[in-house]
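The values are calculated or read from the model by the stated rules, or taken from the named source; none is laboratory data. It should be emphasised that the depicted structure is a prediction, and the values quoted were computed from it without experimental measurement. In this analysis, Cβ positions are derived from the backbone assuming ideal geometry, glycine residues included, and neighbour counts consider all displayed protein chains.
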There are 2 protein chains.
Amino acid sequence: MKTFFCELEVTLEVIGGKWKGLVLYYLIKGPKRTGELKRLVHNISQKMLIQTLRELETDGLIRRKMYNQVPPKVEYSTTELGQSLEPILSSLCDWGGNYAEQSFAPGEIEILYLD
Amino acid sequence: MKTFFCELEVTLEVIGGKWKGLVLYYLIKGPKRTGELKRLVHNISQKMLIQTLRELETDGLIRRKMYNQVPPKVEYSTTELGQSLEPILSSLCDWGGNYAEQSFAPGEIEILYLD
DNA sequence: CAGTATCCCCAGAGATACTG
DNA sequence: CAGTATCTCTGGGGATACTG
């Protein structure tokens, strides 16, 4: 039996870590192919991308749709459960935007949007 | 100059990682002494607790108040900036609670509340 | 009690090459 | 294009001992 010491720990178990939040962030905006995600989630390696996707899929947050064709095509999308994180991730973004304005002088920080 | 590729990355830079969210979670409920935090944030080591507190302080999310007495007494509390994460952490908890109900059979998981 | 200083380890993550 | 398989390695993090 798995033991947690508050609900936040449960959440962090599912979307914590270095990449899960970011992958979800882009998938929540709409279905993406593997290559697109690789481009969007900057600096993620092939290995970590696939690994992250597998874990999110196992935990029921995303869905993997495979097209039987050559060359292969795979599309990832959020489940309802995954999509239910949209308001939270949205808030986290807003907070980060504010923080960037408040706590950095112009020129100390830049944000490059990829999508 | 630090470069980010979306606002979420900024947020994760500040409250990402293994412990920051949990430490904030408890501090948002009210000021705490070092020892209390050590007890509440289950399994955190002395080293990681102090390190986490220092980083949160540096980033302006918490405040450290030291009482000049023997034995030493130190109290940590949130700044306004830190407190502004309250609704988000709250949402993350709710989400985790729901997830625990939906995705685990009774007996597969337990949540022990420490405060 | 709060905090520092070390030593040490291993899982998470990077890099590269390969396959269907 | 999507994914697997290895190999490697770093630094996040754990354990312990010590100080004011």
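For (1) buried (at least 21 other Cβ atoms within 10 Å of the Cβ); (2) within 16 Å of DNA strand C (Cβ to nearest atom); (3) within 23 Å of B:PRO106 (Cα to Cα), each residue gets a yes or a no:
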| site | (1), (2), (3) |
| --- | --- |
| A:PHE4 | no, no, yes |
| A:GLU7 | yes, no, yes |
| A:LYS18 | no, yes, no |
| A:VAL23 | yes, yes, no |
| A:HIS42 | no, yes, no |
| A:GLN46 | no, yes, no |
| A:LEU61 | yes, no, yes |
| A:GLU80 | no, no, yes |
| A:ASN98 | no, no, no |
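Exactly one of these conditions fails for A:CYS93: (1) within 15 Å of DNA strand D (Cβ to nearest atom); (2) at pLDDT 95 or above; (3) surrounded by 17 or more Cβ atoms within 10 Å (Cβ to Cβ). Give me its number.
(1)
For segment B:10-19, check the following and say yes or no: at least one residue is of a type outside the set (Gly, Ala, Ser), over 16 Å from A:GLU101 (Cα atoms) and within 11 Å of DNA strand D (Cβ to nearest atom). Before the answer, list the steps.
Taking segment B:10-19 first, the residues of a type outside the set (Gly, Ala, Ser) are B:10-15, B:18-19.
With over 16 Å from A:GLU101 (Cα atoms) added as a condition, the list becomes B:15, B:18-19.
If we keep only those that are within 11 Å of DNA strand D (Cβ to nearest atom) too, we end up with B:18-19.
Checking segment B:10-19: at least one residue is of a type outside the set (Gly, Ala, Ser), over 16 Å from A:GLU101 (Cα atoms) and within 11 Å of DNA strand D (Cβ to nearest atom).
If you go through segment A:27-39 one residue at a time, do you hit one that is within 25 Å of B:VAL10 (Cβ to Cβ), modelled with pLDDT of 95 or more and among the polar types (S, T, N, Q)?
no
From B:LEU89, B:LEU37, which residue is away from DNA strand C (no atom under 14 Å from the Cβ) and either over 21 Å from A:SER90 (Cα atoms) or in contact (Cβ under 8 Å) with a residue 12 or more places away in the chain (or both)?
B:LEU89
Only one of these is within 13 Å of DNA strand D (Cβ to nearest atom) and among the polar types (S, T, N, Q): A:THR79, A:THR52. Name it.
Working: A:THR79 fails: within 13 Å of DNA strand D (Cβ to nearest atom).
Step by step, each of A:THR79, A:THR52 is checked, and only A:THR52 is within 13 Å of DNA strand D (Cβ to nearest atom) and among the polar types (S, T, N, Q).
Test A:TYR99 against the stated conditions and say whether it is aromatic (Phe, Trp, Tyr) and in a helix (DSSP H, G or I).
Yes: the conditions hold for A:TYR99.
Sort out for me the strands (runs of 3 or more DSSP E) sitting completely within segment A:1-82 that have 2 or more residues that are within 14 Å of chain B (Cβ to nearest Cβ) and over 30 Å from B:TYR26 (Cβ atoms).
Output list is empty.
Do we find that A:THR78 is in contact (Cβ under 8 Å) with a residue 12 or more places away in the chain, of a type in the set (S, T, N, Q) and in contact with a strand residue (DSSP E or B) (Cβ under 6 Å, 6 or more places away or on another chain) in this structure?
Here the answer is yes, as A:THR78 does meet what is asked.
Can you pull out every residue in segment B:58-75 that is under 28 Å from B:VAL10 (Cβ atoms) and without any contact (Cβ under 8 Å) to a residue 12 or more places away in the chain? Give the steps one after another, and end with the answer.
Here is the first cut: in segment B:58-75, the ones under 28 Å from B:VAL10 (Cβ atoms) are B:58-65.
Passing the criteria: only B:THR58.
Select from segment B:102-115 the residues that are over 23 Å from the mean Cα position of the chain (by Cα), in a loop (DSSP other than H, G, I, E, B) and more than 7 Å from chain A (Cβ to nearest Cβ) and write down the one among them that is surrounded by the fewest Cβ atoms within 10 Å (Cβ to Cβ).
Ranking the qualifying residues of segment B:102-115, first place goes to B:ALA105.
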